[in-house]
Amino acid sequence: MARLRLNRKIIFAVLVVIVIVAVAWWQISLSRGGVTIETSTVTKDDIEIFVSAPARVTLPSRADLSFKTGGKIAALRVKKGDTVIAGQVLAELDLTSINPQIRQAEAGLKIAQAGLSKLRSGRSRREIAVAEASVDQAVTAVASARRSLKTVNKIVDQSKKRAAFNVSSAEEGVYIANKQLSKAQAGARTEERNVASSQLNQAQQSLNDAQANYDKVSTLNTKMMDEANQALTSAEATFQHANTVFASTPDTDPAYNAVKSSKLQAEAARDGATVAKERLSAQNSQSLQAAQSQVNAAQKAYDTAYSQYYLATAGSRTEDLQIISSQLRQAEIALQIAQMGKDDASLEAQIDAAQGQLDSAIKSSQVAIAQLQLQKEGARAADVSAAQGQIEQAQAALTGAEAIADDAVLRAPFSGQVAAVNGKAGEIAGLSASVAAATGGSGALITLINFDRLELSADVDETEIGKVKTGQAVRIILDAYEDKVFEGKLTNISIISSKNATGGTIFTVTIVANPVKELFREGMGGDVDIIAQSKKNVVTIPFDAVKLDGKKASVFVIKNGIAKKRDIKLGLTSDIAYEVVDGLKEEEVVAVGKTDLKDGDQVKVNDGGRIGQ
């Protein structure tokens with residue numbers, strides 16, 4: 001009997017141990033199965049590596065066009081914004097004085113050629129008659145040169161009068177600017193200061209009233225909130241008492257229903273007090289915000305009135321005086337430019353050129369007269385040689401006159417768009433361009449830009465320059481067109497480095513944009529993404545799914561609520577994802593985020609309790 005009791009004690013002890021072990025194992029299982037994680041499904045997607053850099057639009061084809069010689073502009077065939085083609089006439093000088101020179105040179109060449117032919121074919125009455133005609137032609141040329149000199153003198157006189165008028169207008173501008181500066185330095189009048197003072201006092205009173213109202217509202221709000229808190233505290237105490245009585249009253253007690261009703265009424269009263277307090281808090285906040293808005297508005301009005309009062313009593317501000325002084329300086333510069341036009345030496349040079357043409361015509365007439373004498377005396381070897389020299393001289397004169405005529409027509413060197421026109425018909429070429437250059441503009445008569453080739457310059461950091469090479473595709477985003485992405489290609493990488501604003505080393509690369517209908521303007525800024533590498537439709541996973549251990553990479557694959565560690569082989573790495581070359585298949589599920597998973601752990605996916613697929 002004693003043995004039986006002993007066996008029962010042993011069996012009971014063993015059972016207790018088994019139960020303890022089972023409970024411990026169950027607790028461990030619960031703790032291990034309670035790991036909550038985020039997951040991501042393995043998909044196929046495109047991946048790319050790109051280098052981002054700031055960029056700006058540059059225009060590779062730009063021509064600043066002007067006439068090579070001076071003269072009066074006869075016609076401007078284009079205006080700013082016009083589209084032109086290569087070879088199109090853009091502007092012309094007045095050829096009134098140039099065309100007679102060409103005709104004279106052509107006639108002189110023909111006469112010289114005829115003279116040589118006559119010498120070689122023998123002298124005759126007809127030859128003598130031609131020589132006489134040459135003399136007449138030379139006399140006509142002299143008369144034409146005299147008329148040209150007279151015309152040039154007239155044009156120069158008109159230009160000087162116009163320049164004198166410009167000087168007079170500029171002097172008037174300087175006078176007005178001086179008057180404005182004197183008035184600004186004198187300061188505000190007494191009545192203006194009195195008005196500003198009155199406005200400042202009114203603004204101060206409004207600010208004081210607004211602040212007093214704010215203080216009043218704040219005090220009232222505090223008092224009302226204290227009363228609401230007391231009501232809520234009282235209601236809460238009543239409810240707690242009723243709830244205690246209700247908890248101690250059995251449902252068989254005759255007073256049970258009355259106690260229950262009293263508890264429900266106390267609970268409703270407590271909830272009502274809570275809602276009333278919250279509503280009062282919202283109302284107080286709104287009233288306080290309204291009062292604060294009044295204070296802010298009054299403060300702003302006061303600051304404005306104070307600024308006006310300060311301006312009226314302190315006189316003109318330094319910056320105002322600086323602006324007016326700058327206007328005076330600009331007027332003085334305009335006067336200097338006008339005086340430059342008045343003293344333009346090129347006007348006198350035109351007179352000298354016309355005088356030179358007259359002198360040349362006179363010399364030619366003298367040569368023609370001498371030739372006539374030689375014709376009458378008979379041909380000699382020296383005569384033939386002289387005639388040949390006259391042909392060369394006449395040919396040179398014709399070539400020079402034709403070159404002047406060619407220079408009098410301005411043509412587009414390439415197709416493009418007119419960006420600027422500095423001049424107008426009737427002006428002396430170069431006058432408006434000189435004014436534009438003196439004020440910071442282009443000194444050319446016409447500026448032409450080629451938009452057929454759109455280029456950008458981008459600054460690539462030295463740490464990434466090794467990733468880029470010519471021929472790579474580029475995405476372009478300009479600040480002017482933020483909602484559009486343009487495409488282009490990298491065409492050049494500078495071998496010379498430079499420094500950016502922060503002192504970093506950069507290399508400038510050139511990008512040619514694909515033709516687009518949007519207008520790219522020189523100097524537009526933006527950013528570019530240079531596609532260094534890319535792959536289409538490859539297996540990708542997020543950055544935070546990969547665990548790196550030296551050169552080894554692994555992930556935790558989730559299946560049936562179990563995390564299994566698996567080694568993988570990585571390919572391209574973008575800024576948000578990895579390409580998986582080997583080790584994963586599409587549609588598999590992997591853990592993401594910072595986790596302390598171990599191979600074989602049970603997990604729960606953070607999606608409302610669903611276990612990982």
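The values are calculated or read from the model by the stated rules, or taken from the named source; none is laboratory data. Computed from a predicted structure; not experimentally measured. Backbone-built Cβ (ideal geometry, glycine too); neighbour counts: all protein chains shown. Side chains included, ligands, DNA and RNA excluded: accessible areas come from the protein's heavy atoms. Shrake-Rupley method; radii C 1.70, N 1.55, O 1.52, S 1.80 Å.
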Residues whose modelled amide H sits under 5 Å from the amide H of K604, counting only those 5 or more places away in sequence or on another chain, are V35, T36, I37
Kirkwood calc, the range 147-290, C-alpha pairs only, radius in angstrom 24.3 Å
Probe 1.4 Å, all chains present, heavy atoms only: K277 accessible area in Å², nearest 10, is 70 Å²
With bins of 5 Å, the percent of all Cα-Cα pairs of the range 500-552 per bin from 0 is 4, 8, 13, 16, 13, 11, 15, 12, 5, 4, 1
Given a 1.4 Å probe, the accessible area of the range 481-539 per residue, as a whole number of Å², is 62 Å²
With a 22 Å threshold on alpha-carbon distance, the violating pairs from K536/K585; K552/K598; K499/K535; K44/K547; K564/K604 are K499/K535
Restricting to lysines and to Cα separations under 16 Å from K376, and discarding same-chain partners fewer than 8 apart, the set is K118
Taking a straight Cα-to-Cα line shorter than 25 Å from K277, and setting aside same-chain lysines fewer than 8 residues away, one finds K216, K223, K263
Accessible-area order for S97, S168, largest to smallest, probe 1.4 angstrom, reads S168, S97
Partner aspartates and glutamates whose C-alpha sits under 19 Å from that of K68, ignoring same-chain residues fewer than 8 away, are E92, D94, D344, E348, D352, E402, D406, D407, E427
Protection proxy (average C-beta count within 10 Å per residue), highest first, orders 417-425, 264-272 as 417-425, 264-272
The percentage of the accessible area of the range 166-271 (probe 1.4 Å, all protein chains present) made up of carbon and sulfur atoms, to the nearest whole number, is 51 percent
The answer for L570, listing residues at least 5 apart or on another chain whose modeled amide H is closer than 5 Å to its amide H, is V581
Dividing the surface of the Cα convex hull of the range 469-613 by four yields a projected area in nm² of 13.7 nm²
SASA check, Y481, accessible area w/ 1.4 Å probe, all protein chains in place, rounded to nearest 10 Å², comes out at 50 Å²
Computed Rg/Rh for the range 411-552 (Cα atoms; Rh = Kirkwood radius) stands at 1.15
What the Cα atoms of the range 65-155 span along the principal axes, largest first and in whole Å, is 64, 34, 16
Projected convex hull area of the range 206-315, Cα atoms, direction-averaged, in nm², equals 7.8 nm²
Counting Lys and Arg as +1 and Asp and Glu as -1 over every other residue whose Cβ sits under 11 Å from the Cβ of N492, the net charge comes to +1
